[in-house]
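**Student:** This is the structure, below, for whatever I ask next.
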Amino acid sequence: MTFVHLRRLNKSFRDQTVLDDLDLMVESGSYLVLLGPSGCGKTTTLRMIAGLETPDSGQVVMNEADVTKLPPRKRDVSMVFQNDGLYPHLNIGQTIRLALRGRCRSSEIETRCSHAVSMTGIGELLDKLPAQMSGGELRRAAIAVAVAKRTAVRLLDEPMSALDVAVREQLQRDVLQWHHEVPGTTIHVTHDGLEAMRVADQIAVMHAGRIIQIGDPATVFDRPQAIAVAKALGTPTMNWLAGELVDGCIRMECPEVELSGSLRSDTRSGSVMVGVRPNAFLLGDARKQRLGRPGIDLSSKVQACRVVQETVEVSVWVGSTALTIVLDRGVSCHIPRVGEILPLLIPADQIHVFSCLTQQRLNVGDVA
Ligand code: ATP
């Protein structure tokens, strides 16, 4: 199998810096998701691995070989594009066979074709032109072409965007089956944090042309190292409260928010953002049992309350700050009412603190 190493890639279009000394190591055989907001350079990065774009400086290395100057055909790479990339005048069967021409012996073409067709379940689509297929069928067909190529490296550019939930879930299962059954290294681009967590072994979070954190999904979700990482993962998104460091201790800006114990940081002063995941709030008996232990205590007013599947999503105001709380319907016996004053507690180990200046995580210890 093949590892992919991107070394200090730089790319500008006119005066816009798109990749800024980007470094990334993708282990051989892993399923890595490049996650980041629109315009941060994800597609440009994939195109460089595929050989469709040339860096201004830096190297694309595969298994110790520098392939930066190799044309796409000479790289052992396939790419599934955001816009399927199929030929409008060829049916899917013809497209798969054309893609295999020159890649394998002609006696092998039919075997590879039928394996890809059965893995992606596109048997009934083989005679259809792209214009005769739905969005989901087009993606499956594009994936089938890539499966048939059996390249060592597979690049997927937003392969599931703008599809309904059932089709997305089916495609997620299909690409994972492909990754596990046909040995190779997969790099998948998305701005959807949930999709990233569902498929990735490793998530590389990208921001403004750089990789700002890489790790397994649980670590990146549980210990985001920068504000942009915290914002990239989690539905609903992380809540934010403003604070200030005074002699290394956090003071909360909002009078309705009170700290029990003191949260200390190595950094002595400066503005901070305190991040809290929506399911980290305790109320009722769970709150009472933790009172007095290090954490944040706050008084909120319920603005709206919605049942969302197994959870209740509660929008509250804390002073002028809006927060979203997610309660498990199976655990919480209390469904808040609009207008109710709701005391909440956030345990210290559920608090993420970031410097407003550097945007980076601060190590904060709780001192009772
Ligand atoms: P999205 O999620 O919206 O697809 P992305 O993270 O994949 O975004 P890229 O497509 O890599 O972002 O584009 C990054 C930036 O580079 C964008 O501002 C885009 O307009 C610009 N860009 C990309 N390709 C070119 C090009 N060929 N010429 C000029 N600008 C370009």
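**Student:** Restricted to region 1-30, and to residues that are more than 16 Å from the ligand (Cβ to nearest atom) and buried (at least 23 other Cβ atoms within 10 Å of the Cβ), which residue is nearest to ILE203 (Cα to Cα)? Full working, then the answer.
**Tutor:** Step one: of region 1-30, the residues more than 16 Å from the ligand (Cβ to nearest atom) are 1-5, 7-8, 23, 25-30.
Now drop any that are not buried (at least 23 other Cβ atoms within 10 Å of the Cβ), which leaves 4, 26.
Values: VAL4: 15, VAL26: 10 Å.
Top of the filtered list is VAL26.
**Student:** Oh, and also: Go through the residues of region 78-88 one by one and say whether even a single one is within 15 Å of the ligand (Cβ to nearest atom), under 26 Å from VAL182 (Cα atoms), without any contact (Cβ under 8 Å) to a residue 24 or more places away in the chain and in the same structural domain as MET197 (by TED's automatic domain parsing).
**Tutor:** Checked against the condition, which is being within 15 Å of the ligand (Cβ to nearest atom), under 26 Å from VAL182 (Cα atoms), without any contact (Cβ under 8 Å) to a residue 24 or more places away in the chain and in the same structural domain as MET197 (by TED's automatic domain parsing), region 78-88 yields at least one hit.
**Student:** Could you tell me how many of the residues in region 187-198 are surrounded by fewer than 22 Cβ atoms within 10 Å (Cβ to Cβ) and either more than 16 Å from the ligand (Cβ to nearest atom) or not hydrophobic (A, V, I, L, M, F, W, C) (or both)?
**Tutor:** Looking only at that region, the number is 5.
**Student:** Moving on to the next point. Is at least one residue of region 213-230 within 16 Å of the ligand (Cβ to nearest atom), within 19 Å of SER38 (Cβ to Cβ) and either outside any strand (DSSP E or B) or touching a Gly at 6+ places or on another chain (Cβ under 9 Å) (or both)?
**Tutor:** Within region 213-230, one or more residues are within 16 Å of the ligand (Cβ to nearest atom), within 19 Å of SER38 (Cβ to Cβ) and either outside any strand (DSSP E or B) or touching a Gly at 6+ places or on another chain (Cβ under 9 Å) (or both).
**Student:** Restrict the check to region 174-187 and report whether at least one residue is touching a Pro at 6+ places or on another chain (Cβ under 8 Å) and either free of Cβ contacts under 8 Å to residues at least 40 places away in the same chain or more than 29 Å from HIS89 (Cα to Cα) (or both).
**Tutor:** yes
**Student:** Can you find, within region 109-157, the residue that is surrounded by the most Cβ atoms within 10 Å (Cβ to Cβ) among those that are assigned to a strand (DSSP E or B) and of a type in the set (A, V, I, L, M)? Working first, answer last.
**Tutor:** Of all residues in region 109-157, those assigned to a strand (DSSP E or B) come to 153-157.
Keeping just the survivors that are of a type in the set (A, V, I, L, M) gives 153, 155-156.
Working: VAL153: 23, LEU155: 26, LEU156: 29.
So the residue we want is LEU156.
**Student:** When you look at THR54, is it within 16 Å of the ligand (Cβ to nearest atom), assigned by TED's automatic domain parsing to the domain that holds ALA200 and not in a strand (DSSP E or B), yes or no?
**Tutor:** Values: within 16 Å of the ligand (Cβ to nearest atom): yes; assigned by TED's automatic domain parsing to the domain that holds ALA200: yes; not in a strand (DSSP E or B): yes.
Considered against the rule, which asks whether it is within 16 Å of the ligand (Cβ to nearest atom), assigned by TED's automatic domain parsing to the domain that holds ALA200 and not in a strand (DSSP E or B), THR54 comes out as yes.
**Student:** So VAL33 fits all but one of (1) free of Cβ contacts under 8 Å to residues at least 60 places away in the same chain; (2) closer than 26 Å to ALA230 by Cβ; what number is the exception?
**Tutor:** In the conditions (1) free of Cβ contacts under 8 Å to residues at least 60 places away in the same chain; (2) closer than 26 Å to ALA230 by Cβ, VAL33 misses (1) alone.
**Student:** Applying the selection to region 91-106, what residues are part of a helix (DSSP H, G or I), closer than 23 Å to ARG75 by Cα and free of Cβ contacts under 8 Å to residues at least 40 places away in the same chain?
**Tutor:** GLN94, ARG97, LEU98, SER106
The values are calculated or read from the model by the stated rules, or taken from the named source; none is laboratory data. Everything numeric in this text was worked out from a predicted model, so none of it was measured. Cβ coordinates were reconstructed from backbone atoms using ideal geometry, including for glycine residues, and neighbour counts include every protein chain displayed.
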